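Comments concern the structure below.
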Amino acid sequence: MRARVFVTLKPSVFDPQGTTVAEALHTLGYTTVTGVRQGKYFELEIDTPSNDEARRIAGEVADRLLANPVIESYRIEIAAEAGAGA
Amino acid sequence: MKFAIVVFPGSNCDHDAYHAVRHVLGAEAECVWHKDEDLRGADAVVLPGGFAHGDYLRTGAIARFSPVMRGVTRFAAAGGPVLGICNGFQILLEAGLLPGAMLRNRSLRFQCEQVHVRVEQSDTPFTGACRIGQVLRMPIAHGEGSYYAEAETIARLEAHRQVVFRYVTGAGEVSGEANPNGSVAAIAGLCNEARNVVGLMPHPERACELALGSADGLALFESAVRAVAGRTAPAGSRV
């Protein structure tokens with residue numbers, strides 16, 4: 001199974017990198033882009049046939065390592081097969 | 001009095017800390033590799049600055065799982081004095097030994113400059129030789145030193161007097177310009193509720209000799225010597 005983990009700063013946390021990217025986009029003329037939040041993306045290859053088991057492991061590693069709950073939240077997607085839809 | 005100085009792959013202030021406590025202060029010091037859980041009978045532990053494990057993922061995020069952190073956590077739980085400097089502070093935050101987290105500096109730049117911090121609490125093992133309100137001049141050198149915690153955590157820190165150092169002007173006043181990185185409440189350093197674990201972003205070990213521009217940082221290490229003497233002398237458990 002492949003798990004995709006998206007880690008983003010909580011809405012309440014100021015993101016100076018995202019803000020700077022947004023300002024750069026405005027400089028380029030993309031004035032309709034009103035906000036940018038920068039985050040991290042992980043692909044985990046997990047050796048299990050079970051969707052639920054893959055989700056459980058991905059959630060556990062996100063809690064323990066991939067995200068810092070003080071400042072970040074995360075979202076998990078499970079793909080049926082490793083490489084599928086990549 | 002013996003200090004253990006933890007060395008992670010990527011630590012780069014370990015020798016500065018060793019020099020400060022061994023050669024300037026004159027205490028015993030031993031470097032402990034991060035794979036080692038044994039703190040060699042040290043009376044105080046220093047987690048030095050640097051870029052442990054390359055700061056990959058987040059600053060301190062990988063280092064918190066190094067075997068030595070099991071020893072540091074036990075030592076801290078038993079009341080032993082632990083000082084985290086810069087990256088060491090970030091590791092203490094990731095390990096949950098201190099509350100909160102670090103964000104990128106407001107400037108988005110790595111900042112290397114002299115700052116002033118005001119001592120807010122003198123009842124920690126690293127500030128006992130200071131007086132409340134004393135202003136110390138020390139350098140900072142970090143890219144991710146903007147301290148962040150939720151408002152209720154900040155309120156709890158203030159209520160329990162856990163803010164140990166605040167960024168201030170040379171005259172000791174909190175101001176926007178004196179806060180180099182955008183830290184909430186100008187927080188430069190903290191302690192835990194038990195007060196024995198202290199972390200700060202500025203580098204006291206690089207400010208222990210006038211030849212380096214300031215000797216103000218030495219007070220933190222002198223405080224530790226005083227605290228350990230006070231802690232062990234009455235019990236007579238240590239010769």
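What follows is calculated from the coordinates using simple rules that are stated; it is not laboratory data. If you're wondering where the values come from, they're calculated on a predicted model, not measured in any experiment. Cβ placement follows ideal geometry from the backbone for every residue including glycine, while neighbour counts extend to all protein chains displayed.
With a point put 7 Å past each Cα toward its Cβ, work out how far residue B:108 is from residue B:37 in nm, to one decimal.
The modelled label-to-label distance comes out at 4.4 nm.
Using the membrane-span-like helix rule (whole DSSP H runs, Cα extent along the own axis of at least 20 Å, mean Kyte-Doolittle hydropathy at least 0.0), which helices of chain B qualify?
Span-like helices here: B:218-232.
Averaging sequence separations of C-alpha pairs under 8 Å and six or more residues apart, then dividing by the length of chain A, give the relative contact order as a whole percent.
It rounds to 50 percent for chain A.
With everything on Cα atoms, drop me the angle between helix A:16-27 and the longest principal axis of chain A, reported from 0 to 90° to the nearest 10.
With rounding to tens, the tilt is 50 degrees.
Can you work out the FRET efficiency for the pair residue A:60 and residue B:209, with r the C-beta to C-beta distance and R0 = 30 Å, to the nearest 0.05?
0.05
Indicate, rounded to the nearest 5 percent, the antiparallel portion of the DSSP beta bridges found entirely in chain B.
Rounded to the nearest five, the antiparallel share is 60 percent.
Sequence gap at least 6, Cα distance under 8 Å: using those rules, report the relative contact order of the stretch B:18-72 to the nearest whole percent.
Once divided by the residue count of the stretch B:18-72, the mean separation gives 36 percent.
Taking 8 Å as the Cα distance limit and 6 or more residues as the minimum spacing, I'd like the relative contact order of chain B as a percentage.
Computed value for chain B: 20 percent relative contact order.
Cut-off is 10 Å between beta-carbons; in what order do B:43, B:55 appear when sorted fewest neighbours first?
By the 10 Å Cβ count, ascending, the order reads B:55, B:43.
So which lysines pass the test for residue B:2, namely a Cα distance under 29 Å, with those fewer than 8 places away in the same chain ruled out?
B:35
Counting other beta carbons within 10 Å of each residue's own, what order do B:31, B:208 fall into, fewest first?
B:31, B:208
Which of the peptides B:158-168, B:59-69 is most tightly packed, and how do the rest follow, going by the mean number of other Cβ atoms within 10 Å of each residue?
B:59-69, B:158-168
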